[in-house]
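Engineer: One structure follows; several queries about it will come next.
The values are calculated or read from the model by the stated rules, or taken from the named source; none is laboratory data. The structure displayed is predicted, hence computed values, not measured ones. Backbone-built Cβ (ideal geometry, glycine too); neighbour counts: all protein chains shown.
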Amino acid sequence: MSQASAGAAARYVGQHVVRKEDPRMLTGQGRYVDDNVVPGMLHAAFVRSPHAKARIVHIDFAAARALPGVHGIYTGADIAAMVKPARSLHWPPNVPYPVTMPLAHTDVRYVGDPVVLIVADDRYIAEDAAELVEVEYDPQDALVDYMTANNGPKVHPDLDSNLLWEMASPADPELDAIFASAAHVVEKTITQQRYINSPMETRGIIASHSAAENLTTIWSASQGVHQTAYYLANALACDIADLRVIAGDVGAGFGGKVHPGRDEIAVVIAARHMRRPIKYIEDRMEHLIASAQAREESALVKLAFDAKGILLAAKFDYQHDSGAYPWLPSVGPLAVNAFPGPYRLPKFGWRVRAWYTNTVGLGAYRGPWMFETVAREQVIDIAAKQMGIDSLELRRRNVIHTADQPYKTASGQVYDRVSPDQTLEKVVDMIDVPVFRKVQEAARKEGRYLGLGMSVYMEPTVNAIGGIRTTFQAETRMDASGRITVSSHIGNPGNSMETTLAQIAADELGVDIKDVRVVYGDTANTQFGPGAGGSKQAVGAGGAVTVAAQALRKKILAIGAKMLEAAPEDLTIENGKVFVKGIPQVELTLKKIAESAYYLPKTLPEGMEPGLATSHRMTLPVTHWANAAHACTVDVDVETGVVKILRWVASEDCGVMINPTVVEGQMSGGIVQGIGGVLLEHSLYDERGNPLAASFKDYLLPLATDVPVIEYSHVCTPSDTPGGFKGAGEGGAIIAPPTLANAIADALAPFNIDCSRMPLSPDRLLMALEASRSGKA
Amino acid sequence: MSDHTIQTKINGNVVKKTVAARKTLADFLRVDCSLTGTHIGCEHGVCGACTVMVDGLAVRSCLMLAVQADGAEIRTVEGVAKEDGTLHRVQQALQEEHGLQCGFCTPGFVMTLVSLVERKEPIDEEEMKAALSGHICRCTGYQGILRAVKKLTATPAKA
Ligand code: FES
Ligand code: FES
């Protein structure tokens, strides 16, 4: 709550500043997409495929059409007549893609595939009508398991195979020679299960078309309004300028609200066609089966070490499930870039294969590439065990130190200003490894199984992947009353940017944070640029606001200098007033300066333009790496398979922290999502392709009673971008899974349990324990 | 489908409306009464986002029909802060402890916490924490919410 004393150089940045967003959200005055009502608005519901793969033989919607209150029914064929197939803008060039239409029009390719769109007076009637639609299907054998995709039935008849994309590093005899002669070679396949993003607010959209203006206004639960417009314009074959996208408050996204879904695109097409506003709010079952999937993946990891445990080379053979219509076709390239992680790794070979299956398409989920850390950190522990070296010691021998930097990784990335060694030592201190080992030994004698797990990783923030994510803009302006507005294209699905960007501007401009308003979430009043996602808000938006606000400050001081007959260098701004440093008695209010700038241009310094608005657009051509180390301790009940987390310590370096509480909130949110992934969350399909986790009764999420108290420490190595910020949004979700899996493996070491296949839910651990005991018996 | 006229008191105001028998209390509050602070996260009784107070008890408004609320007194998240905008101590604690990020789950947590701190019998931290296991938050990892719980159970309730 301390808001720091006024007058200090940094009054808000670095402080726990309470959020500007909170008062409205705590009192029910937030405005989320479903809270909007547009006059004349109709409501949409979808008929979705009950089959993983089937030909659509016939659709009978006579009964649905006859239902009072139904205004529109669109089949895939209707929509196909109005729009061209569009591929995701994330599709790699030169990689074939399936004909992708908003609705299935000849055949369905996963359970949940949208088949018919109903538009009615309200959602109750729309759902009634959806139930009255009779679709005759000719079901076919589906491909469910990506590991059998090579020889399985084809998902897309218009493509040559189920292999979406294959990439590999060039053949490297030197790499093979290292493996052939290394003192130790460790190899293991690590497997992770399918997750579903599951933000508390599902996806949602309202589209309203004005033919007179040739403008479609869209309210969307969007992580970035310009991004949504950019993707929609691509799908609708219109210009971005034909769309206005508005996002109010967004009930989180975790990557899932970066890209509009096929169903949402169909809603926009129908609204343009019917000339009626249409609202579609995904329900929870639709979210769990038909939104997007993540993390169904595995990799064979091979590590070569010398006799002292120094890492010589690695191979990463990675495969993942892309589902039927992925908007994110492959996370492979990002995973490959990040695989070397925090260790000195001289040589690296890799292969990535992305497979189509008859399941929902792959989308982004917090740290989409994170499997590199999951796989590497688990195999490091396995290697340590195999070589008879303590896993902490093995990490210490290989971790990158400050003296090694700038360090170019074997995947071509450059690390500078990172501190993996320091964060590792911090968590070792916090958890007190020697003491824990004693406690663990004593507990084992009593038949209690405690374990310690650790991981270290590098987090690419502002992943330099080009396109709309290349440049970041911000505007700062002061109005005639002396108050500040910041505008940014970045979205706010819970990342607190309304507060953090205001903190930056308030510091640069010497005003109370109450006098700063942050404008975002509307393509009509912000400039083109990326939204939230990829941990780029602090670096990109924060950096742009820093520079724009500095330029505004300069202008204010120049005006003030003329009015006070002083040199600009001798002036400062504090508490909304400009004065000569050390002589606060002679002051000018910002309002006075603003009046000059707007009403009295003749009083301005020679050659200065009137007005008080400054804009800055910056380019971020390279990835900025943040880093962290985590450790946790667990108590595994070998009778029930239940894992109790005893402690969780995290040390993170995200550069300059704008608001430590917000950083810690991002860390803890991600960590708990990672914990959920290891212990609970599993979007399982049966062999016919039916999703088995279609409600929160089956797709289990962590609750308040499942989580440990998280202990934080921070290392601050500023980046070289304006403000010195790095990202912090995804790390927890990346590093938590291997940290916890390593702890469980450590706890169950006496049973020699294989923890390489996630999730490590109680039923699976019990099965493994039983197998281990009966093997021993 | 039959329509019914119901009368309720919502946040102190008498509301009389005709609703379809199948309409949930959540939809009634959000659509018919424009009280959009009550959120819908699952519609099957697991997430707790739709929690409101009916005759003093926290209930899930997605699992209750509007017609069942006939004659009841309802309190929603809009009726928790004072009229001058002063936040309830539950809301204050959540703000001070960064107990919310996207804010979507928040109205549900607020209503359950308010019902607990305002009840007659005192409540301890563990009991309050257990009551929160009927709510899902995907953003915070519950850390700020649990710090708020600590704060709320440490301070003796003021009149
Ligand atoms: S919406 Fe009522 S419990 Fe989830
Ligand atoms: S704050 Fe986003 S779900 Fe709780």
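Engineer: Return yes when residue A:711 is surrounded by fewer than 21 Cβ atoms within 10 Å (Cβ to Cβ), out of contact with any strand residue (DSSP E or B) (no Cβ under 7 Å at 6 or more places or on another chain) and modelled with pLDDT of 95 or more and no when it is not. Lay out the reasoning, then the answer.
Structural biologist: Numbers: surrounded by fewer than 21 Cβ atoms within 10 Å (Cβ to Cβ): yes; out of contact with any strand residue (DSSP E or B) (no Cβ under 7 Å at 6 or more places or on another chain): no; modelled with pLDDT of 95 or more: yes.
Considered against the rule, which asks whether it is surrounded by fewer than 21 Cβ atoms within 10 Å (Cβ to Cβ), out of contact with any strand residue (DSSP E or B) (no Cβ under 7 Å at 6 or more places or on another chain) and modelled with pLDDT of 95 or more, residue A:711 comes out as no.
Engineer: Which numbered condition trips up residue B:20, out of (1) more than 16 Å from ligand 1 (Cβ to nearest atom); (2) of a type in the set (Gly, Ala, Ser); (3) more than 10 Å from every other protein chain (Cβ to nearest Cβ)?
Structural biologist: Result: residue B:20 fails condition (3) only.
Engineer: Given (1) among the β-branched types (Val, Ile, Thr); (2) buried (at least 24 other Cβ atoms within 10 Å of the Cβ); (3) away from chain B (no Cβ under 14 Å), where does residue A:519 come up short, assuming only one miss?
Structural biologist: All conditions pass for residue A:519, except number (2).
Engineer: Okay, moving on. Pull up region A:388-420, narrow it to residues that are in contact with a strand residue (DSSP E or B) (Cβ under 8 Å, 6 or more places away or on another chain) and without any contact (Cβ under 8 Å) to a residue 40 or more places away in the chain, then point me to the one that is nearest to residue A:306 (Cα to Cα).
Structural biologist: My answer is A:408.
Engineer: Kindly provide the set of residues from region A:680-718 that are facing chain B (nearest Cβ under 7 Å), out of contact with any Phe, Trp or Tyr (no Cβ under 8 Å at 6 or more places or on another chain) and not aromatic (Phe, Trp, Tyr), ordered by number.
Structural biologist: Listed by number, the residues that qualify are A:695, A:697, A:701, A:705.
Engineer: All but one of (1) farther than 30 Å from residue A:226 by Cβ; (2) surrounded by 14 or more Cβ atoms within 10 Å (Cβ to Cβ) hold for residue A:148; state the number of the condition that does not hold.
Structural biologist: Condition not satisfied by residue A:148: (2).
Engineer: Here's a follow-up. Which pairs do you get when a residue that is within 11 Å of chain B (Cβ to nearest Cβ), found in region A:280-294, comes within reach of a residue that is within 16 Å of ligand 1 (Cβ to nearest atom) and of a type in the set (Asp, Glu), reach meaning Cβ atoms under 7 angstrom, with the pair 6+ apart or on two chains?
Structural biologist: A:281/A:34; A:283/B:43; A:284/B:43
Engineer: For region A:114-127, does any single residue satisfy the condition of being assigned by TED's automatic domain parsing to the domain that holds residue A:285, more than 30 Å from the chain's Cα centre (by Cα) and within 30 Å of residue A:329 (Cα to Cα)?
Structural biologist: The answer is yes, given that some residue of region A:114-127 is assigned by TED's automatic domain parsing to the domain that holds residue A:285, more than 30 Å from the chain's Cα centre (by Cα) and within 30 Å of residue A:329 (Cα to Cα).
Engineer: A further question follows. Give me a count of the residues in region B:95-114 that are under 19 Å from residue A:492 (Cα atoms) and either more than 16 Å from ligand 1 (Cβ to nearest atom) or surrounded by fewer than 22 Cβ atoms within 10 Å (Cβ to Cβ) (or both).
Structural biologist: Here the count works out to 5.
Engineer: Which of the strands (runs of 3 or more DSSP E) contained wholly in region A:187-300 include at least 1 residues that are among the aromatic types (Phe, Trp, Tyr)? Even if it seems obvious, please write down each step before you answer.
Structural biologist: Details: elements: A:204-210, A:215-220, A:243-246, A:278-281.
Answer list for region A:187-300: A:215-220, A:278-281.
Engineer: Name the single residue, out of those in region A:647-659 being aliphatic (A, V, I, L, M) and assigned to a strand (DSSP E or B), that is farthest from the other protein chains (Cβ to nearest Cβ).
Structural biologist: This residue is A:649.
Engineer: Let me ask something additional. For region A:1-53, which positions are assigned to a loop (DSSP other than H, G, I, E, B), more than 14 Å from chain B (Cβ to nearest Cβ) and either modelled with pLDDT under 95 or under 28 Å from the mean Cα position of the chain (by Cα) (or both)?
Structural biologist: Correct list: A:4, A:5, A:6, A:7, A:8, A:9, A:10, A:11, A:12, A:13, A:14, A:52.
Engineer: State all residues of region B:65-94 that are surrounded by fewer than 21 Cβ atoms within 10 Å (Cβ to Cβ) and within 16 Å of ligand 1 (Cβ to nearest atom); if no residue qualifies, say none.
Structural biologist: Within region B:65-94, B:65, B:68 meet the criteria.
Engineer: Going through A:198, A:210, A:220 one at a time, which residue ends up being closer than 18 Å to residue A:520 by Cα and either in contact with a Gly (Cβ under 7 Å, 6 or more places away or on another chain) or of a type outside the set (Phe, Trp, Tyr) (or both)?
Structural biologist: The conditions single out A:220.
Engineer: Still on this structure, I have one more. Does residue A:251 satisfy the criteria of being within 14 Å of another protein chain (Cβ to nearest Cβ) and small (Gly, Ala, Ser)?
Structural biologist: Numbers: within 14 Å of another protein chain (Cβ to nearest Cβ): yes; small (Gly, Ala, Ser): yes.
When the stated conditions are applied, residue A:251 passes them.
Engineer: Give the residue, chosen from A:221, A:241, A:171, that is of a type in the set (A, V, I, L, M, F, W, C) and buried (at least 24 other Cβ atoms within 10 Å of the Cβ). Give the steps one after another, and end with the answer.
Structural biologist: On the way: A:241 fails: buried (at least 24 other Cβ atoms within 10 Å of the Cβ); A:171 fails: buried (at least 24 other Cβ atoms within 10 Å of the Cβ).
Of the residues listed, the single one that is of a type in the set (A, V, I, L, M, F, W, C) and buried (at least 24 other Cβ atoms within 10 Å of the Cβ) is A:221.
Engineer: Report, by residue number, each residue of region B:48-64 that is within 14 Å of chain A (Cβ to nearest Cβ) and within 13 Å of ligand 1 (Cβ to nearest atom).
Structural biologist: B:48, B:49, B:50, B:51, B:52, B:60, B:61, B:62, B:63 - these are the residues of region B:48-64 that are within 14 Å of chain A (Cβ to nearest Cβ) and within 13 Å of ligand 1 (Cβ to nearest atom).
Engineer: When only residues in region B:27-47 that are more than 7 Å from ligand 1 (Cβ to nearest atom) and among the β-branched types (Val, Ile, Thr) count, which is nearest to the other protein chains (Cβ to nearest Cβ)?
Structural biologist: Of everything passing the filter in region B:27-47, B:36 is nearest to the other protein chains (Cβ to nearest Cβ).
Engineer: Within region A:195-205, can one find any residue that is within 14 Å of chain B (Cβ to nearest Cβ) and among the basic types (Lys, Arg)?
Structural biologist: yes
Engineer: Looking at region B:120-159, which of its residues are basic (Lys, Arg) and more than 10 Å from ligand 2 (Cβ to nearest atom)?
Structural biologist: B:120, B:129, B:147, B:150, B:151, B:158
Engineer: Could you check region A:571-588 and list, in sequence order, the residues that are surrounded by fewer than 15 Cβ atoms within 10 Å (Cβ to Cβ) and not basic (Lys, Arg)?
Structural biologist: Those that are surrounded by fewer than 15 Cβ atoms within 10 Å (Cβ to Cβ) and not basic (Lys, Arg): A:582, A:583, A:584, A:585, A:586.
Engineer: Within the bounds of region A:661-679, is there any residue that is of a type in the set (Asp, Glu) and within 12 Å of another protein chain (Cβ to nearest Cβ)?
Structural biologist: Within region A:661-679, one or more residues are of a type in the set (Asp, Glu) and within 12 Å of another protein chain (Cβ to nearest Cβ).
Engineer: Residue A:644 versus (1) within 18 Å of the chain's Cα centre (by Cα); (2) away from chain B (no Cβ under 14 Å): which is the lone unmet condition?
Structural biologist: (1)
Engineer: Another question, if that's okay. Without any contact (Cβ under 8 Å) to a residue 24 or more places away in the chain and more than 16 Å from ligand 2 (Cβ to nearest atom): which single residue out of A:210, A:220 fits that description?
Structural biologist: None of the other options fit; the residue is A:210.
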